[in-house]
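Data block below; observations after.
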Amino acid sequence: MVRTRFAPSPTGYLHVGGLRTALYAYLYAKKAGGKFILRIEDTDLERTVDGAVELIYRTLHETGLVYDEGPDVGGEYGPYVQTQRKDIYLQYAERLIESGDAYYCFCTKERLEQIHKDGATKYDKHCLNHISVEEARKRIAAGEKYVIRQNIPAKGVSSYTDLVFGEISVDYNDLEDNILIKSDGYPTYNFANVIDDHLMGITHVIRGTEYLSSTPKYNLLYDALGWERPQYIHLQPIMRDAHQKLSKRHGDANYEDFIAKGFLKDAIVNYIALLGWSPKDNREKMTLAEMTELFSLDGVSKSASIFDETKMRWLNSLYVKELSEEEFHNYALPFYAPYGYLKGLDLKYLSTLLHSRTEVFTDVGKLTAFINEFDSFDTVLFENAKWKTDAALAKKMLPDLIKIAESDWDNLHDALPAYAEKSGYKKGQVLWIFRIALTGAASTPGGATEMAKLFGKTESIRRLKAAYKKVDLQG
């Protein structure tokens, strides 16, 4: 059975790149009828952030990437948190020392800095060559600090097959004797992920291409312990632009950011799926179930993907348009809250006006800003070449429009065209001047009578009178 895993470090929000890894691991496992596992790699204690683990749980559940095994759901291969597996790693590290595939190292930070200053590009195996296992254990018993390093062969070439990139070969001379167990007794990622992947029965390891060249180190550990190597699937990075990667450390996009920006979770997952993979039929809008059905490594790109938020907005707009009026309104409500000028308006009606015009929910700010900017609008907006209107015509027409609003409010939709026909104006002239006087904006999410309905009779008349005062003062 195929078993994949997502193994994030709880160091903050779930970044786009991490969510894509989780998504592809989920899709690959589910397409094959296998299992998707969550493991928390929290051995980098200094970078662990409080609350990050719960954020990982919540994000995966919200996006539909439901894992079959994990810290909060259990499973037969637990515990699924690395800090709870500390003794397991030490046990296997000692096995590697006994076989000569690892060794104790006592080199101080100062010595390591000095050998690099002297031109060394990697650790020089000093402790392997000068300290026997027996002596090392005596020093450890005496309380001396140490780490355990992997013993990489000095010569030779390691090869393996990646399911995306094919045959990969790395010269052992390019690899360093990396640390397996740190001085605090906790394992490094390089060691813990190998032990855990084997013990948890992971068959396919999915991760970024930054690990392509270091995978031979992991393979040496599998071989030394007599274990079968997993299959590897490496993913190209997601780029901010042609030169820079998206990076959690540089504050680049994460799932929570996009939710706060008003993106829908299904659209986020859909777009992230397209960052490095495309189905054979080249469709772009897909449900998670459709992605699972269509997912194939044949569609995984060997080239990096550039994150295009404009395209993500477009994709999100397709999901927004599919919402029912009630769903749209419920999503929009929290995004109305920061704008005090919307208080008192019929927000449910506002939602019907904004629905077809919204790409992401934070658009409500720019789509409604005219409401707050009315008092400072320029009467030059009355000028419209198509309808041959200007401020002078507005000054002439507005007293009649105010009277219509006062006396025939409930029949405004018919009253304004009737006024146009009776007075010899074009319907477009009347509606243009009425809407500009009402809103002070050339572009609004609705026509003249829709804006009037949004503001209500009292506020609409106040605005019409304020607009007339503006053009009257201009003479």
Whichever residue in the stretch 255-268 is open to solvent by less than 10 Å² (accessible area, probe 1.4 Å) and in a helix (DSSP H, G or I) and, among such residues, is farthest from Gly17 (Cα to Cα): Ala267
Gly365 over 24 Å from Lys470 (Cα atoms), without any contact (Cβ under 8 Å) to a residue 40 or more places away in the chain and open to solvent by 20 Å² or more (accessible area, probe 1.4 Å): no
Ala452 open to solvent by less than 20 Å² (accessible area, probe 1.4 Å), in a helix (DSSP H, G or I) and within 16 Å of Asp410 (Cβ to Cβ): yes
Number of positions in the stretch 141-191 that are touching a Leu at 6+ places or on another chain (Cβ under 9 Å) and either in a strand (DSSP E or B) or at negative phi (or both): 25
Qualifying residue in the stretch 133-150 (condition: open to solvent by less than 50 Å² (accessible area, probe 1.4 Å), aliphatic (A, V, I, L, M) and either over 18 Å from Leu90 (Cβ atoms) or in contact with a His (Cβ under 7 Å, 6 or more places away or on another chain) (or both)): no
Asp223, sole failed condition from (1) under 30 Å from Tyr89 (Cα atoms); (2) open to solvent by less than 10 Å² (accessible area, probe 1.4 Å); (3) free of Cβ contacts under 8 Å to residues at least 24 places away in the same chain: (2)
Flag for Ser159 being modelled with pLDDT under 95 and open to solvent by 10 Å² or more (accessible area, probe 1.4 Å): no
Neighbours by Cβ (under 7 Å, 6+ apart or cross-chain): first from the stretch 406-429, farther than 18 Å from Thr389 by Cα; second open to solvent by 50 Å² or more (accessible area, probe 1.4 Å): Trp409/Lys457; Ala415/Asp408
Test: residue in the stretch 369-388 that is surrounded by 19 or more Cβ atoms within 10 Å (Cβ to Cβ) and closer than 27 Å to Lys265 by Cβ: no
Within the stretch 39-77, considering residues that are among the small types (Gly, Ala, Ser) and over 17 Å from Thr4 (Cβ atoms), the one modelled with the highest pLDDT: Gly74
In the stretch 411-451, the residues that are farther than 30 Å from Asp363 by Cα, among the acidic types (Asp, Glu) and touching a helix residue (DSSP H, G or I) at 6+ places or on another chain (Cβ under 9 Å): Glu421
Filter pass, Thr63 being touching a Lys or Arg at 6+ places or on another chain (Cβ under 9 Å) and more than 23 Å from Ile195 (Cβ to Cβ): yes
Any chance Met312 is farther than 19 Å from Thr444 by Cα, open to solvent by less than 50 Å² (accessible area, probe 1.4 Å) and not in a helix (DSSP H, G or I): no
Of residues in the stretch 318-356 being assigned to a loop (DSSP other than H, G, I, E, B) and closer than 24 Å to Glu459 by Cβ, the one most open to solvent (accessible area, probe 1.4 Å): Lys343
Residue identified as crowded, with 16+ Cβ neighbours inside 10 Å and not in a helix (DSSP H, G or I) among Tyr104, Tyr89: Tyr104
Members of the stretch 418-443 that are of a type outside the set (A, V, I, L, M, F, W, C), open to solvent by 40 Å² or more (accessible area, probe 1.4 Å) and in a helix (DSSP H, G or I): Glu421, Lys422, Ser423, Lys427
Filter result (hydrophobic (A, V, I, L, M, F, W, C) and out of contact with any Ser or Thr (no Cβ under 8 Å at 6 or more places or on another chain)) within the stretch 183-204: Phe191, Val194, Ile195, Leu199, Met200
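The values are calculated or read from the model by the stated rules, or taken from the named source; none is laboratory data. Keep in mind that this is a model prediction, so the values were computed, not measured. Cβ coordinates were reconstructed from backbone atoms using ideal geometry, including for glycine residues, and neighbour counts include every protein chain displayed. These accessible areas exclude ligands, DNA and RNA; they are computed on the full protein's heavy atoms, side chains included. Shrake-Rupley method; radii C 1.70, N 1.55, O 1.52, S 1.80 Å.
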